[in-house]
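Please read the structure below before turning to the comments.
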Amino acid sequence: MKIKETPLKDCYIIEPTIFEDDRGYFFEKYNEKKFEEMTGLNGHFVQDNISKSSYGVLRGLHLQKGEHAQAKLVSCLEGKVFDVAVDLRTDSPTFGKWFGIELTPENKLQLYVPRGFGHGFSVLSETAVFAYKCDNFYNKESEGGVLWNDEDININWQLPLEDVILSDKDAVLTKFEERNF
């Protein structure tokens, strides 16, 4: 397993070591001990979530606030997504910056999104199955987020605007300048 830094503080790309032969392949998807040794961060996860979405669906930018904040380890099990992390920690040197990466079953990459970050993804394939491990349990009252198309953050979601499909909840998230996180 390789851990690569992103331009955002404490946000990492995890690239597995893949063992392939004529029978197929094997790789270790996650190892808590190695992750903690390589990053110095707590890598203990307590909840796994899966979502399936069709082309154009954009989910985000979401976060859990306060004591219910969550770090996430995300991957794409089927299809192709453009995954985005936004640093919303006001004391961070990368506050307000975003990073995006294409995740697919073929590249087998994962993105570690720390607590205090907004997170979202757009579906670039006909359908996609997306997986995320969380280090804290979901709490509805702690939901927060930032509007997906906020001009202060200016994310390129890799989709034509006319193809974007949002939930009612995501369509009315607050603007970055309102600091609802």
(message) Give me the net charge for the shell around residue 18: Cβ to Cβ below 10 angstrom, other residues only, Lys and Arg +1, Asp and Glu -1.
(response) -2
(message) What does the charge count around residue 79 come to, taking other residues whose C-beta lies under 13 Å from its C-beta (Lys +1, Arg +1, Asp -1, Glu -1)?
(response) -3
(request) Would you work out the relative contact order for segment 2-178, in percent, from Cα pairs under 8 angstrom that are 6 or more residues apart? (result) 29 percent
(request) Could you tell me the distance between the Cα centroids of segment 80-126 and segment 11-26, to the nearest Å? (result) 21 Å
(message) Can you give the FRET efficiency to the nearest 0.05 for residue 31 and residue 90, using r as the Cβ-Cβ distance and R₀ = 30 Å?
(response) 0.40
(message) Under a crude label model (7 Å from the Cα following the beta-carbon direction), how far is residue 129 from residue 19 in nanometres?
(response) 2.4 nm
(request) Evaluate the distance, in nm, between pseudo-label points positioned 7 Å from the Cα of residue 167 and of residue 2 along their respective Cα→Cβ axes. (result) 3.5 nm
(request) Find which of 119, 100, 43 sits farthest along the positive direction of the dipole of segment 2-178, computed with +1 on the beta-carbon of Lys and Arg, -1 on that of Asp and Glu, about the Cα centre. (result) 43
(request) Only helical DSSP H runs with n ≥ 4 go in: add -39500 (n - 2.57) per run for the chain, normalise by residue count and round the 222 nm mean residue ellipticity to 500 deg cm²/dmol. (result) -1500 deg cm²/dmol
(request) Can you tell me the dipole magnitude for the chain around its Cα centre, using point charges on the Cβ only (Lys, Arg +1; Asp, Glu -1), in Debye to the nearest 20? (result) 320 debye
(message) Looking at the chain as a GNM with Cα springs under 10 Å, which of 99, 19, 27 has the largest mean-square fluctuation?
(response) 19
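No value in this document is a laboratory result; all are computed from the given coordinates. Fair warning: this is a prediction, and the values are worked out from it, not measured in the lab. Cβ sites come from the backbone with ideal geometry, for glycine too, and all protein chains shown count toward neighbours.
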